[in-house]
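Asker: Could you have a look at this structure, given as structure tokens, before my questions?
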Ligand code: PNS
């Protein structure tokens, strides 16, 4: 059974993430969406439980997906869960340097391979941090996140307006 990890902060999940997860699920028997518990980013918006719920709802149509939390090294989590691959989306050349470095470090640590999928062009500008910022200031992100995520963002920032 070939298991892959799609790791990230998912704060919140975007259509760009879903594009990569759904495409990964076509190539692997099981995909574990690995939500980091201890992000280095201080600016988190959603709690871990909310992120998990939003992901769960977004991926309910796929039977070979699991959503798990992890902390510490991704390669250790991969070992514990028998995952043989990490899948990452590449949006632009600017992603490449850091992603390549992480892929090579992870490969060096345990031999795990990272597979890169090119982000679908309509999502190449998209990131959770920009979605958070735009939504916070009242911009329309309804074409960038699933409907239930947009609803939750509207609800969260309604009180600020
Ligand atoms: O959505 P993000 O925040 O860009 O995801 C980054 C993430 C979680 C994939 C990356 O920071 C990560 O793998 N962190 C786990 C810690 C780790 O293994 N660090 C060594 C990487 S070479």
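The values are calculated or read from the model by the stated rules, or taken from the named source; none is laboratory data. Given the structure is predicted, the values throughout are model-derived calculations rather than measurements. Don't worry about glycine lacking a Cβ; one is built from the backbone with ideal geometry, like all the others, and counts go over all protein chains shown.
Asker: May I ask you to verify whether residue 13 is modelled with pLDDT of 95 or more and crowded, with 20+ Cβ neighbours inside 10 Å? Talk me through it step by step, then tell me what you get.
Answerer: Numbers: modelled with pLDDT of 95 or more: yes; crowded, with 20+ Cβ neighbours inside 10 Å: yes.
It is true that residue 13 is modelled with pLDDT of 95 or more and crowded, with 20+ Cβ neighbours inside 10 Å.
Asker: For region 71-115, give me each residue that is assigned to a loop (DSSP other than H, G, I, E, B), exposed (fewer than 14 other Cβ atoms within 10 Å of the Cβ) and more than 9 Å from the ligand (Cβ to nearest atom). Explain how you work it out, then say what you get.
Answerer: From region 71-115, those assigned to a loop (DSSP other than H, G, I, E, B) are 71-73, 81-84, 91-92, 111-112; that's our starting set.
Of the ones still in play, those that are also exposed (fewer than 14 other Cβ atoms within 10 Å of the Cβ) are 71-73, 82, 92, 111.
Passing the criteria: 82, 92, 111.
Asker: Looking only at region 1-44, count every residue that is farther than 15 Å from residue 69 by Cα, touching a residue at least 12 places away in the same chain (Cβ under 8 Å) and within 13 Å of the ligand (Cβ to nearest atom) and tell me the total.
Answerer: 8
Asker: Next question. Tell me, please, whether a residue that is within 12 Å of the ligand (Cβ to nearest atom), surrounded by 14 or more Cβ atoms within 10 Å (Cβ to Cβ) and more than 15 Å from residue 14 (Cα to Cα) can be found in region 49-70.
Answerer: Yes, there is a match, as at least one residue in region 49-70 is within 12 Å of the ligand (Cβ to nearest atom), surrounded by 14 or more Cβ atoms within 10 Å (Cβ to Cβ) and more than 15 Å from residue 14 (Cα to Cα).
Asker: When residues of region 37-54 are filtered for being in contact with a helix residue (DSSP H, G or I) (Cβ under 8 Å, 6 or more places away or on another chain) and either in a helix (DSSP H, G or I) or within 21 Å of residue 3 (Cα to Cα) (or both), how many remain?
Answerer: 3
Asker: Now a separate question. Somewhere in region 125-147, is a residue in contact with a strand residue (DSSP E or B) (Cβ under 7 Å, 6 or more places away or on another chain), modelled with pLDDT of 95 or more and surrounded by fewer than 18 Cβ atoms within 10 Å (Cβ to Cβ)?
Answerer: Residues of region 125-147 that are in contact with a strand residue (DSSP E or B) (Cβ under 7 Å, 6 or more places away or on another chain), as a first pass: none.
Scanning region 125-147, I find no residue that is in contact with a strand residue (DSSP E or B) (Cβ under 7 Å, 6 or more places away or on another chain), modelled with pLDDT of 95 or more and surrounded by fewer than 18 Cβ atoms within 10 Å (Cβ to Cβ), so the answer is no.
Asker: For region 137-161: of the residues being part of a helix (DSSP H, G or I) and in contact (Cβ under 8 Å) with a residue 60 or more places away in the chain, which is farthest from residue 56 (Cα to Cα)?
Answerer: Among them, the one singled out is 156.
Asker: If the Cβ limit is 6 Å and pairs must be 6+ apart or interchain, which residue in region 74-89 that is modelled with pLDDT of 95 or more pairs with which residue that is assigned to a helix (DSSP H, G or I) and surrounded by fewer than 22 Cβ atoms within 10 Å (Cβ to Cβ)?
Answerer: Matching pairs, first to second residue: 75/106; 75/109; 75/110; 88/99.
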